[in-house]
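Colleague: Please read through the structure below; I'll follow up with questions.
The values are calculated or read from the model by the stated rules, or taken from the named source; none is laboratory data. Keep in mind that this is a model prediction, so the values were computed, not measured. Methodologically, a virtual Cβ is constructed for each residue, glycine included, from the backbone with ideal geometry; neighbour enumeration extends over all protein chains shown.
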Amino acid sequence: MNGARTRYRIRFSKLGKVRFTSHRDVARIWERALRRAAVPVAYTEGFSPHPRLSFGLALSTGHESLGEYLDVDVRAPLGDALDVDALIARLDPGLPIGVDVQAAAEIAPGTPSLQQAVVSCTWRIGIQAHGGSPAGDRLAARVDDVLRAESVVVTRERKGQRVVDDVRPAIVHLDLSDDHEVVAELATQPRGLRPSELVAALSPEYEEGRVVRLHQWLSLDGAREEPLPLPLDATSTPAREARAS
Amino acid sequence: MSSIWPQLEALLPRVAKPARYIGLEHGAQAPVHGPDVVSWLLTYPDTYEIGLPNQGLQILYEILNERDDAAAERAYAPWTDLEELLRANGLPLFSVDTHKPAGEFDVLAFNLSAELVYTNVLNCIDLAGVPVRAADRAPHHPIVVAGGHCTYNPEPLADFLDAVVLGDGEEVVAELTEVIGAWKRAGRRDRAQLLHDMACITGVYVPSMYEVAYDHDDRVARVTPRFDDVPARVEKRTLADLADWPYPKQQLVPLTEVVHDRLNVEVFRGCTRGCRFCQAGMITRPVRERPAEQVRHMIKAGIARTGYDEVALTSLSTADFSGIEGVVADTAGEDDISVSLPSLRVDAFTVGIAAKIQRARRTGLTFAPEAGTWRMRQVINKLITEDDLFAAVESAYSQGWRRMKLYFLIGLPTETDEDTLGIAALAKRCVEIGKRHHKGASVTISVGGFVPKPFTPFQWFGQNTVAELQRKVGLLRDALHRERGVQLKWHDPKATLIEGLASRGDRRLGPVVEAVWRAGGTFQEWSEHFELERWELAMAEHGLSIDSYVHRHRTEDEVLPWDHISAGLHKDFLWQDWRDALAEVGLPDCRWTPCYDCGACTGYGVEHIVASATPPAGGSQGTGQLVFVR
């Protein structure tokens, strides 16, 4: 199991029914999909070897995504960019409906891990009143209030402890996209803000509806970049979304 | 075709483990429904995690979907949180494949692998929007059928099931599909006529076609068919050759965690070791091996298709498989594939195989000596000597295992306190052996109360009371509480009591099962949901005696509630084996010794299919089970 390893980064979606699988489930789904595709994944050494896969920030069970990432160490290079495309084609039949590979590329040794490097995520967050009724026209005003506020103090749980935090610095962008939905860029570092916590901060009367992670962002020398941009022709997302739901 | 997915989707964020309800498994079929197609909903009456791996259900799922005139989907019992939401929102039980309402299927088919799921069966029928009592169903309701090991005494569920399938299901589901299909195409009119036609299929028992009479002692006097063309005794179905049925070909790979989450390849069906407590061994005879070449092919194709890195070679005693060494050697030689052998005899030979397949991760090893003394093991016909057991233990510890789990039964026929305490003595001895190899060697003793089952030589035996089982557990606790390195675990004797009640009950238990279900007693296999008081109350309300059903010894001339069912075994063979048990006489395996005429082969014109005429290497005739756990 020693020897040269090459690291690939894969970007994938998680849409529709499959959104009800957990982060751990997704890891298992990928382990098996890679085996089905006969990708020579590298294993850790030791008493209980496991495949060298690393995922980005966990996506909550029930949330959808158009930008999930996986880094996988492979025992040998798969070849040039064309072969990476072949890899995508080979992986696809082994993945459940709703999980689709959007892009894949070899990444340089020493590239920081996704967990370390991602600084914020953009979310589309459905908002409804408790019990599922519409959020109503007060949502616009609440969004304005939060954007104007210098601090937004919430009480939330962290590692089983109730803590009081100002979460305003974690709200990078916030836009009302229609009367029951916001698009928000939320920081993941130093203290991240979850979509459900943003919804609670807008009003205790609200709860989250359908939530989609649209992007994860890296900060490279001040510039904002995706860990793996979508290829230019990746316009099939709405169709995939329809297929998955 | 309708789907409740849009409504269900809104509820799933509010329940635990929602991935249980979404389907999408790798290998899931695309059922094609139609007016001339008989639709089956194959339902496992417990949670998805327990039910998804069930191989019987998966085999029938494929066989039915391969037919043009059938379509099959799957359902599992929703956990209590989702059930509450479904009922509150007026939603029914649904298939996980297309989320079609259960009531829209032609056949609602249950797998009965344990007695404690009976109340869940009623709950699933009710959640499907179908009357729980068969007599209350109209022609538009699904036909409710059941298969699986518990159907050898289906009487406690006789009021609720339209039909019961006995034995191997591979062929009979086709015959049922044809009969139900003809009825459907003719306009689904007379339900009673359909049931009558179904009762004429070999292996199909239709409870409503039989009348039960009781005698003055309040016992079953006789069971008689209502019609001349309905068999007085319903015979089980037996596949002649497993090689003709290489299923599942596309084992389901779930998206979420389930039990036995690995590739399973069945290497043989049936067992003639003759352990007298073991219902599975008795009712699945004769032994039918799968050709080793086919096993190899199923492993190779299955691993490539599923992406699993582990394969279990399943059977009731896998070391007895004629091709075992070759298959294990070939498979374990493959890259990154681990092999597990869920039931092996206890001897050095099997530990040798274990060493071959578990090169890494030697964490725990499980043996099932079942009883603590040689005398007791002769009574139950589990003929493992102490020398065999200790040699196996020595071999395992010396080859790197550090933990061992030993399974035992308490409450066996003729058991004395000496036998019970023999369990503690064996445990101590195993730890002593282990400590010679590792300072931290440990043994877990897992003790279950014995439940006599129909179609075993022990079917006449009066089960131990809860108090007696608790006393025996107490003896073991006292004997082991100072023993470092021995951990004692036991099953709740109260649950054992109810398992015993359902196992040998008759039709009068129907209202009791219904009353417990109506009082909210579902998921009785789950200790957090089990309440003995509900059962005691329901029994008392219906004027029935737990003592008479569970603890009473039956006599030779007594009519047993399942006498009109046949597992192929002659009753006089079982009675003789019961007498032999009491006389502490063991009975060697008939695969390699002359026939005892138990009836399993001769009655069906089939024979054992065994590739090797000599027993596998190893010490005794032991039938110890050995399970590999991570």
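Colleague: Kindly indicate the residue of the stretch B:116-135 that is assigned to a helix (DSSP H, G or I) and small (Gly, Ala, Ser) and also farthest from the chain's Cα centre (by Cα) among those meeting that condition. Explain how you work it out, then say what you get.
Modeller: Step one: list which residues in the stretch B:116-135 are assigned to a helix (DSSP H, G or I), which gives B:116-127, B:134-135.
Next, only the ones that are small (Gly, Ala, Ser) stay: B:134-135.
Details: B:134: 24, B:135: 28 Å.
Taking the candidates together, the pick is B:135.
Colleague: Any idea how many residues of the stretch A:49-71 are within 14 Å of another protein chain (Cβ to nearest Cβ) and surrounded by 15 or more Cβ atoms within 10 Å (Cβ to Cβ)?
Modeller: Quick first cut of the stretch A:49-71, residues within 14 Å of another protein chain (Cβ to nearest Cβ) only: A:49-53, A:59-64.
Going one step further and asking which of them are surrounded by 15 or more Cβ atoms within 10 Å (Cβ to Cβ), we end up with A:51-53, A:59-64.
The total comes to 9.
Colleague: To continue, here is another question. For the subset of the stretch B:103-115 comprising residues that are in a helix (DSSP H, G or I) and surrounded by fewer than 22 Cβ atoms within 10 Å (Cβ to Cβ), which member is nearest to the chain's Cα centre (by Cα)? Before you say what the answer is, go through the steps one by one.
Modeller: Keep residues of the stretch B:103-115 that are in a helix (DSSP H, G or I), which gives B:103-104, B:115.
With surrounded by fewer than 22 Cβ atoms within 10 Å (Cβ to Cβ) added as a condition, the list becomes B:103-104.
On the way: B:103: 27, B:104: 28 Å.
Filtering the stretch B:103-115 for residues that are in a helix (DSSP H, G or I) and surrounded by fewer than 22 Cβ atoms within 10 Å (Cβ to Cβ), the one nearest to the chain's Cα centre (by Cα) comes out as B:103.
Colleague: Can you tell me which of (1) out of contact with any helix residue (DSSP H, G or I) (no Cβ under 9 Å at 6 or more places or on another chain); (2) of a type in the set (Asp, Glu); (3) more than 29 Å from residue A:15 (Cα to Cα) is the one residue A:225 doesn't meet?
Modeller: (3)
Colleague: Moving on to the next point. Tell me yes or no: at least one residue of the stretch B:55-73 is part of a strand (DSSP E or B), among the acidic types (Asp, Glu), away from every other protein chain (no Cβ under 14 Å) and within 27 Å of residue A:99 (Cα to Cα).
Modeller: Going residue by residue through the stretch B:55-73, those that are part of a strand (DSSP E or B) are B:70-73.
Narrowing further to those that are among the acidic types (Asp, Glu): B:73.
Within this subset, residues satisfying the condition of being away from every other protein chain (no Cβ under 14 Å) are B:73.
After this cut, where a residue has to be within 27 Å of residue A:99 (Cα to Cα) as well, the list is B:73.
Yes.
Colleague: Mind listing whichever residues of the stretch B:152-169 are closer than 16 Å to residue B:199 by Cβ and assigned to a loop (DSSP other than H, G, I, E, B)?
Modeller: B:154, B:158, B:161, B:162, B:166
Colleague: Here is a follow-up. Taking the criterion of being of a type in the set (D, E, K, R) and touching a Gly at 6+ places or on another chain (Cβ under 6 Å), would at least one residue in the stretch B:414-422 satisfy it? Give the derivation first.
Modeller: Going through the stretch B:414-422, the residues of a type in the set (D, E, K, R) turn out to be B:415, B:417-419.
Within this subset, residues satisfying the condition of being touching a Gly at 6+ places or on another chain (Cβ under 6 Å) are B:419.
Yes; the residues of the stretch B:414-422 include at least one that is of a type in the set (D, E, K, R) and touching a Gly at 6+ places or on another chain (Cβ under 6 Å).
Colleague: Right, here's the next one. Exactly one of (1) within 14 Å of chain A (Cβ to nearest Cβ); (2) at pLDDT 95 or above; (3) at negative phi; (4) not in a helix (DSSP H, G or I) is unmet by residue B:43. Its number?
Modeller: (1)
Colleague: Among the candidates A:212, A:199, A:182, single out the residue that is under 16 Å from residue A:124 (Cα atoms) and in contact with a His (Cβ under 8 Å, 6 or more places away or on another chain). Walk me through it before giving the result.
Modeller: Values: A:199 fails: in contact with a His (Cβ under 8 Å, 6 or more places away or on another chain); A:182 fails: in contact with a His (Cβ under 8 Å, 6 or more places away or on another chain).
After applying the criteria, what remains is A:212.
Colleague: For the condition polar (S, T, N, Q) and part of a helix (DSSP H, G or I), what is the one hit in B:487, B:524, B:470?
Modeller: Numbers: B:487 fails: part of a helix (DSSP H, G or I); B:524 fails: part of a helix (DSSP H, G or I).
B:470 is the lone residue from the list that is polar (S, T, N, Q) and part of a helix (DSSP H, G or I).
Colleague: For the stretch A:156-174, what are the residues that are more than 22 Å from residue A:121 (Cα to Cα) and either touching a strand residue (DSSP E or B) at 6+ places or on another chain (Cβ under 7 Å) or not polar (S, T, N, Q) (or both)? Give the derivation first.
Modeller: So the first thing to find is which residues in the stretch A:156-174 are more than 22 Å from residue A:121 (Cα to Cα), and the list is A:160-164.
Hits for the stretch A:156-174 are A:160, A:162, A:163, A:164.
Colleague: Also: Please work out if residue B:414 is part of a strand (DSSP E or B), of a type in the set (Val, Ile, Thr), surrounded by fewer than 23 Cβ atoms within 10 Å (Cβ to Cβ) and assigned by TED's automatic domain parsing to the domain that holds residue B:489. Step through it out loud before you land on a result.
Modeller: Details: part of a strand (DSSP E or B): no; of a type in the set (Val, Ile, Thr): yes; surrounded by fewer than 23 Cβ atoms within 10 Å (Cβ to Cβ): yes; assigned by TED's automatic domain parsing to the domain that holds residue B:489: yes.
No: the conditions fail for residue B:414.
Colleague: When you go through (1) modelled with pLDDT of 95 or more; (2) touching a helix residue (DSSP H, G or I) at 6+ places or on another chain (Cβ under 8 Å) one by one for residue A:139, which number turns out not to apply?
Modeller: Tallying (1) modelled with pLDDT of 95 or more; (2) touching a helix residue (DSSP H, G or I) at 6+ places or on another chain (Cβ under 8 Å), residue A:139 fails exactly one: (1).
Colleague: For the stretch B:294-312, does any single residue satisfy the condition of being away from chain A (no Cβ under 14 Å), assigned to a loop (DSSP other than H, G, I, E, B) and crowded, with 24+ Cβ neighbours inside 10 Å?
Modeller: Of the stretch B:294-312, the ones away from chain A (no Cβ under 14 Å) are B:294-299, B:312.
Those left that are additionally assigned to a loop (DSSP other than H, G, I, E, B): none.
No, that holds for no residue.
Colleague: Please indicate, with yes or no, whether at least one residue in the stretch A:222-230 is over 18 Å from the mean Cα position of the chain (by Cα) and surrounded by fewer than 18 Cβ atoms within 10 Å (Cβ to Cβ).
Modeller: Applying the first criterion (over 18 Å from the mean Cα position of the chain (by Cα)) to the stretch A:222-230 yields A:222-223.
Restricting the remaining residues to those that are surrounded by fewer than 18 Cβ atoms within 10 Å (Cβ to Cβ) gives A:222-223.
Taking every residue of the stretch A:222-230 in turn, at least one turns out to be over 18 Å from the mean Cα position of the chain (by Cα) and surrounded by fewer than 18 Cβ atoms within 10 Å (Cβ to Cβ).
Listed here are the residues, each with its yes/no results for (1) basic (Lys, Arg); (2) surrounded by fewer than 13 Cβ atoms within 10 Å (Cβ to Cβ); (3) at pLDDT below 95.
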{"position": "B:176", "(1), (2), (3)": "no, no, no"}
{"position": "B:185", "(1), (2), (3)": "yes, yes, no"}
{"position": "B:189", "(1), (2), (3)": "yes, yes, yes"}
{"position": "B:193", "(1), (2), (3)": "no, yes, no"}
{"position": "B:199", "(1), (2), (3)": "no, no, no"}
{"position": "B:208", "(1), (2), (3)": "no, no, no"}
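Colleague: Condition (residue is under 20 Å from the mean Cα position of the chain (by Cα), more than 21 Å from residue B:135 (Cα to Cα) and of a type in the set (A, V, I, L, M, F, W, C)) applied to the stretch B:196-214: is it met by at least one residue?
Modeller: Filtering the stretch B:196-214 for residues under 20 Å from the mean Cα position of the chain (by Cα) gives B:203-205.
After this cut, where a residue has to be more than 21 Å from residue B:135 (Cα to Cα) as well, the list is B:203.
Narrowing further to those that are of a type in the set (A, V, I, L, M, F, W, C): none.
No, the conditions are met nowhere in the stretch B:196-214.
Colleague: For residue A:46, are the conditions met, namely being within 14 Å of another protein chain (Cβ to nearest Cβ) and free of Cβ contacts under 8 Å to residues at least 40 places away in the same chain? Outline the logic, then answer.
Modeller: Details: within 14 Å of another protein chain (Cβ to nearest Cβ): yes; free of Cβ contacts under 8 Å to residues at least 40 places away in the same chain: yes.
For residue A:46, the condition - within 14 Å of another protein chain (Cβ to nearest Cβ) and free of Cβ contacts under 8 Å to residues at least 40 places away in the same chain - is met.
Colleague: Only residues that are within 14 Å of chain B (Cβ to nearest Cβ) and touching a residue at least 24 places away in the same chain (Cβ under 8 Å): list them for the stretch A:8-24, please.
Modeller: Applying the first criterion (within 14 Å of chain B (Cβ to nearest Cβ)) to the stretch A:8-24 yields A:14-24.
Across the stretch A:8-24, the qualifying residues are A:14, A:15, A:16, A:17, A:18, A:19, A:20, A:21, A:22, A:23.
Colleague: I would also like to ask the following. Assuming residue A:88 fulfils every condition listed in (1) crowded, with 18+ Cβ neighbours inside 10 Å; (2) away from chain B (no Cβ under 14 Å) apart from one, which condition is it?
Modeller: Single failed check for residue A:88: (1).
Colleague: Going through B:422, B:505, B:434, B:500 one at a time, which residue ends up being within 23 Å of residue B:219 (Cα to Cα) and in a helix (DSSP H, G or I)?
Modeller: Values: B:422 fails: within 23 Å of residue B:219 (Cα to Cα); B:505 fails: in a helix (DSSP H, G or I); B:434 fails: within 23 Å of residue B:219 (Cα to Cα).
So the residue among B:422, B:505, B:434, B:500 that is within 23 Å of residue B:219 (Cα to Cα) and in a helix (DSSP H, G or I) is B:500.
Colleague: Looking only at the stretch B:156-194, which residues are touching a helix residue (DSSP H, G or I) at 6+ places or on another chain (Cβ under 8 Å), under 30 Å from residue B:285 (Cβ atoms) and without any contact (Cβ under 8 Å) to a residue 40 or more places away in the chain?
Modeller: Matches in the stretch B:156-194: B:179 only.
Colleague: Another one. Just to be sure, is residue B:525 acidic (Asp, Glu), on the phi > 0 side of the Ramachandran plot and either in contact with a helix residue (DSSP H, G or I) (Cβ under 8 Å, 6 or more places away or on another chain) or surrounded by fewer than 16 Cβ atoms within 10 Å (Cβ to Cβ) (or both)?
Modeller: Numbers: acidic (Asp, Glu): yes; on the phi > 0 side of the Ramachandran plot: no; either in contact with a helix residue (DSSP H, G or I) (Cβ under 8 Å, 6 or more places away or on another chain) or surrounded by fewer than 16 Cβ atoms within 10 Å (Cβ to Cβ) (or both): yes.
Judged against the criteria, residue B:525 is not a match.
Colleague: Looking only at the stretch A:25-37, how many residues end up being of a type in the set (Gly, Ala, Ser) and within 8 Å of chain B (Cβ to nearest Cβ)? Before the answer, list the steps.
Modeller: Filtering the stretch A:25-37 for residues of a type in the set (Gly, Ala, Ser) gives A:27, A:33, A:37.
With within 8 Å of chain B (Cβ to nearest Cβ) added as a condition, the list becomes A:33.
Of the residues in that region, 1 qualify.
Colleague: Would you check if residue B:336 is at pLDDT below 90, out of contact with any helix residue (DSSP H, G or I) (no Cβ under 6 Å at 6 or more places or on another chain) and not small (Gly, Ala, Ser)? Lay out the reasoning, then the answer.
Modeller: Values: at pLDDT below 90: yes; out of contact with any helix residue (DSSP H, G or I) (no Cβ under 6 Å at 6 or more places or on another chain): yes; not small (Gly, Ala, Ser): yes.
It is true that residue B:336 is at pLDDT below 90, out of contact with any helix residue (DSSP H, G or I) (no Cβ under 6 Å at 6 or more places or on another chain) and not small (Gly, Ala, Ser).
Colleague: Of (1) crowded, with 22+ Cβ neighbours inside 10 Å; (2) among the hydrophobic types (A, V, I, L, M, F, W, C); (3) more than 24 Å from the chain's Cα centre (by Cα), residue B:550 satisfies all except one. Which?
Modeller: Among (1) crowded, with 22+ Cβ neighbours inside 10 Å; (2) among the hydrophobic types (A, V, I, L, M, F, W, C); (3) more than 24 Å from the chain's Cα centre (by Cα), the lone unmet condition for residue B:550 is (3).
Colleague: Here are some conditions: (1) under 22 Å from residue B:317 (Cα atoms); (2) modelled with pLDDT of 95 or more; (3) in a helix (DSSP H, G or I). Residue B:372 meets all but one. Which one does it not meet?
Modeller: The single condition residue B:372 does not satisfy is (3).
Colleague: Are any of the residues in the stretch B:74-87 over 30 Å from residue B:498 (Cβ atoms) and not acidic (Asp, Glu)? Before the answer, list the steps.
Modeller: Taking the stretch B:74-87 first, the residues over 30 Å from residue B:498 (Cβ atoms) are none.
No: the stretch B:74-87 contains no residue that is over 30 Å from residue B:498 (Cβ atoms) and not acidic (Asp, Glu).
Colleague: Of all residues being buried (at least 18 other Cβ atoms within 10 Å of the Cβ) and more than 10 Å from chain A (Cβ to nearest Cβ) in the stretch B:9-36, which is farthest from residue B:111 (Cα to Cα)? Just the residue, please. Let's see the steps before the verdict.
Modeller: Going residue by residue through the stretch B:9-36, those that are buried (at least 18 other Cβ atoms within 10 Å of the Cβ) are B:9, B:11-13, B:15, B:17-26, B:28-29, B:31.
Now narrow it down to the ones that are more than 10 Å from chain A (Cβ to nearest Cβ): B:11, B:29, B:31.
Numbers: B:11: 27, B:29: 19, B:31: 20 Å.
Checked the stretch B:9-36; the qualifying residue farthest from residue B:111 (Cα to Cα) is B:11.
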